[in-house]
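J.: Handing you this structure, nothing more for now.
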Amino acid sequence: MAEETCRVVQSDIEEMHEKIRAHRRKILKWICVAVVLVLLIVTAVYFYFQSKVYSKYEVINSVEREDSAGTQFVSFAGKILKYGKDGATCIDEKNQLIWNQTYEMQSPMVDICEGYVAIAEKKGNKIYIMNTKGKSGEIETTMPIQRVRVANQGTVAILMEQEGTGYLQLYDKEGTFLAEGEVHTENSGYPLDIALSNDGRKMAVSQLNMNEGTVKNTITFYNFGSVGQNEIDNIVGTYSYSDVIFPKVEFLTNDVMVAFGDEEAIIFEGTQKPQVKKEISLKQEIHSIFYNEAYIGFVFNNDNEKETYRISVYNLRGTEEMTQNLDMNYSEVGFLENDEICVRNELECSIYNLKGKRKFHSNFEKSIWKVFSTKNSTEYIFMMDKETQKVRLK
């Protein structure tokens, strides 16, 4: 009798455990169903917003601004730098002043690297070195300035030209002279452009040489660190190309430099001695170039009456990421801080993502001079005529 009772109790316990397991399986099943539904909803929402084209926006806040004629706007260390012939000002999105630097320049040009900016006068002799707090240093040259580049710790490289000879000089963030060199036209060619790495240790010079009717472009790499000290004149690499011109060279990261030619672009990479990583043959006349630390973009003329231009974007491996035809004339094209592409003229603006999908397009009644992205994917800053607007797309 006791044994039978024991078996009944054991059977009841096993039946109870089975019911518990069945209940847990049921709960787990519903949890899995709920997770799948949530993922489907999130995916649907994501693709909806990715494919949606905004044409309207609401103004979150707006502040008035006073600008002199010809004022330019660029992104600087999370703030906005505006500069013109009579000075430069660093402001935030609410037009609050961070610093102001007055000067008189007929053709001001700027170069930015992280928290430093160099402001120089084209063919002048004055350079201001600024950081996020204000002026760090000042340089006055004895020869006309052709190009200026700044590194992330404030080192400045200058290309100057006088009587057929190019001169290269390096200064620290206070404007103290560090080093110099010469590029003689009859020996090395005419210098077209210079590029400085983020840490200021590597420099590239693009030089044009024309002899006996032939055109040759030479790109020379310098290393000012310990590796370059063991080389003649700190030169750690020289590359020559026939019948092609590279008027623009730029370090996009500390170790990646791109040479932009008339029908091709060459990506160089190396921590000490940059070498060719990829040659991109474009086979079309380039109308504009734009770039950031991760991508390089080109605008080509298009044989289409309705879509007169075409955009192509490549990653730093030289792989094409997207291509997209444009149906508008533009005065500026460039990457926003979130890697989106902004195409703008005075009264019209389009924004594309890296898949070539147009995210925003609008015509304006008031002139728009610059667009900045924010951390919110649907919020932007519009630098309108005499007004800064923070907007939300809708």
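J.: Checking T388 against (1) open to solvent by less than 10 Å² (accessible area, probe 1.4 Å); (2) of a type in the set (S, T, Y); (3) within 19 Å of the chain's Cα centre (by Cα), which single condition isn't satisfied?
T.: Here T388 meets the rest and fails (3).
J.: Scan the stretch 229-242 and report the pairs whose first residue is within 12 Å of P274 (Cβ to Cβ) and whose second residue is open to solvent by 90 Å² or more (accessible area, probe 1.4 Å) and part of a strand (DSSP E or B), with Cβ atoms within less than 8 Å and a gap of 6+ or a chain change.
T.: G237/Q275
J.: Still on this structure, please answer the following. Only residues that are crowded, with 19+ Cβ neighbours inside 10 Å and either over 24 Å from Q275 (Cα atoms) or at pLDDT below 95 (or both): list them for the stretch 174-199, please.
T.: V183, G189, P191, L192
J.: Next question, about the same structure. For the stretch 153-171, indicate whether the set of residues that are outside any strand (DSSP E or B), open to solvent by 50 Å² or more (accessible area, probe 1.4 Å) and in contact with a strand residue (DSSP E or B) (Cβ under 9 Å, 6 or more places away or on another chain) is non-empty. Walk me through how you get there before you give the answer.
T.: Taking the stretch 153-171 first, the residues outside any strand (DSSP E or B) are 153-155, 163-164.
Then drop every residue that is not open to solvent by 50 Å² or more (accessible area, probe 1.4 Å), which leaves 153, 163.
Checking which are in contact with a strand residue (DSSP E or B) (Cβ under 9 Å, 6 or more places away or on another chain) leaves us with 153.
Yes: the stretch 153-171 contains one or more residues that are outside any strand (DSSP E or B), open to solvent by 50 Å² or more (accessible area, probe 1.4 Å) and in contact with a strand residue (DSSP E or B) (Cβ under 9 Å, 6 or more places away or on another chain).
J.: Then there's this: Which of the residues belonging to the stretch 234-245 are in a loop (DSSP other than H, G, I, E, B) and within 23 Å of L159 (Cα to Cα)?
T.: V244, I245
J.: Given the criteria of a type outside the set (A, V, I, L, M, F, W, C), touching a Lys or Arg at 6+ places or on another chain (Cβ under 8 Å), at pLDDT below 95 and surrounded by 11 or more Cβ atoms within 10 Å (Cβ to Cβ), does N209 qualify? Lay out the reasoning, then the answer.
T.: Working: of a type outside the set (A, V, I, L, M, F, W, C): yes; touching a Lys or Arg at 6+ places or on another chain (Cβ under 8 Å): yes; at pLDDT below 95: yes; surrounded by 11 or more Cβ atoms within 10 Å (Cβ to Cβ): yes.
Yes.
J.: Go through the stretch 347-378 and give me each residue that's surrounded by 15 or more Cβ atoms within 10 Å (Cβ to Cβ) and among the acidic types (D, E).
T.: Residue satisfying the conditions is E348 alone.
J.: Do you know which residues across the stretch 355-379 are under 19 Å from Q324 (Cβ atoms) and in a loop (DSSP other than H, G, I, E, B)? Outline the logic, then answer.
T.: From the stretch 355-379, those under 19 Å from Q324 (Cβ atoms) are 355-362, 371, 373; that's our starting set.
Selection gives K355, G356, K357.
J.: Still on this structure, please answer the following. Inspect all residues belonging to the stretch 316-327 and state whether any of them is open to solvent by 20 Å² or more (accessible area, probe 1.4 Å), within 21 Å of A69 (Cα to Cα) and of a type in the set (A, V, I, L, M). Reasoning before the result, please.
T.: Taking the stretch 316-327 first, the residues open to solvent by 20 Å² or more (accessible area, probe 1.4 Å) are 316-317, 319-321, 323-325, 327.
From the residues that got through so far, the ones that are within 21 Å of A69 (Cα to Cα) too are none.
Among the residues of the stretch 316-327, not one is open to solvent by 20 Å² or more (accessible area, probe 1.4 Å), within 21 Å of A69 (Cα to Cα) and of a type in the set (A, V, I, L, M), which makes the answer no.
J.: Could you tell me how many of the residues in the stretch 89-105 are more than 25 Å from the chain's Cα centre (by Cα) and either assigned to a strand (DSSP E or B) or at pLDDT below 95 (or both)?
T.: 1
So that you can scan it fast, the table gives a plain yes or no per residue for (1) open to solvent by 30 Å² or more (accessible area, probe 1.4 Å); (2) farther than 16 Å from A151 by Cα:
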residue: I60; (1), (2): yes, yes
residue: S68; (1), (2): yes, yes
residue: Q72; (1), (2): yes, yes
residue: K94; (1), (2): yes, yes
residue: M105; (1), (2): no, yes
residue: V110; (1), (2): yes, no
residue: K123; (1), (2): yes, yes
residue: K126; (1), (2): yes, yes
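J.: Do we have G334 as in contact with a strand residue (DSSP E or B) (Cβ under 8 Å, 6 or more places away or on another chain), surrounded by 15 or more Cβ atoms within 10 Å (Cβ to Cβ) and in a loop (DSSP other than H, G, I, E, B) here? Please lay out each step first, then the result.
T.: Values: in contact with a strand residue (DSSP E or B) (Cβ under 8 Å, 6 or more places away or on another chain): yes; surrounded by 15 or more Cβ atoms within 10 Å (Cβ to Cβ): yes; in a loop (DSSP other than H, G, I, E, B): no.
The answer is no for G334.
J.: Take the conditions farther than 30 Å from T165 by Cα, of a type in the set (G, A, S) and surrounded by fewer than 18 Cβ atoms within 10 Å (Cβ to Cβ) and apply them to G84. Does it pass?
T.: no
J.: Follow-up question, since we're still on this one. Would you check if R344 is assigned to a strand (DSSP E or B), touching a Leu at 6+ places or on another chain (Cβ under 8 Å) and crowded, with 18+ Cβ neighbours inside 10 Å?
T.: No: the conditions fail for R344.
J.: Same structure again: Being closer than 28 Å to K386 by Cβ and of a type outside the set (A, V, I, L, M, F, W, C) narrows it down to one of K126, K133, K52, so name that one. Reasoning before the result, please.
T.: On the way: K126 fails: closer than 28 Å to K386 by Cβ; K52 fails: closer than 28 Å to K386 by Cβ.
The unique qualifying residue is K133.
J.: While we're on this one: I'd like to check something: does the stretch 246-255 contain any residue that is part of a loop (DSSP other than H, G, I, E, B), closer than 20 Å to E293 by Cβ, out of contact with any Gly (no Cβ under 7 Å at 6 or more places or on another chain) and not hydroxyl-bearing (S, T, Y)?
T.: Yes, the stretch 246-255 contains a residue that is part of a loop (DSSP other than H, G, I, E, B), closer than 20 Å to E293 by Cβ, out of contact with any Gly (no Cβ under 7 Å at 6 or more places or on another chain) and not hydroxyl-bearing (S, T, Y).
J.: All but one of (1) on the phi < 0 side of the Ramachandran plot; (2) crowded, with 17+ Cβ neighbours inside 10 Å hold for E138; which doesn't?
T.: Unmet condition: (2).
J.: Mind listing just one residue for me: the one in the stretch 278-301 that is touching a Leu at 6+ places or on another chain (Cβ under 8 Å) and either farther than 23 Å from V215 by Cβ or of a type in the set (V, I, T) (or both) and, of those, most open to solvent (accessible area, probe 1.4 Å)?
T.: Let us first name the residues in the stretch 278-301 that are touching a Leu at 6+ places or on another chain (Cβ under 8 Å), namely 291-296, 298-300.
Keeping just the survivors that are either farther than 23 Å from V215 by Cβ or of a type in the set (V, I, T) (or both) gives 291-296, 299.
On the way: Y291: 72, N292: 23, E293: 114, A294: 35, Y295: 41, I296: 0, V299: 1 Å².
Looking at residues that are touching a Leu at 6+ places or on another chain (Cβ under 8 Å) and either farther than 23 Å from V215 by Cβ or of a type in the set (V, I, T) (or both), I get E293.
Quick grid of which residues meet (1) under 24 Å from the mean Cα position of the chain (by Cα); (2) among the hydroxyl-bearing types (S, T, Y):
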residue	(1), (2)
T155	yes, yes
M160	no, no
G164	no, no
L168	no, no
L178	no, no
V183	no, no
L192	yes, no
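The values are calculated or read from the model by the stated rules, or taken from the named source; none is laboratory data. These numbers were taken from a predicted model, which means no experiment stands behind them. Counting neighbours? That spans all protein chains shown, and the Cβs are built from the backbone with ideal geometry, glycine included. Heavy atoms of the whole protein, side chains included, go into the accessibility calculation; ligands, DNA and RNA do not. Shrake-Rupley method; radii C 1.70, N 1.55, O 1.52, S 1.80 Å.
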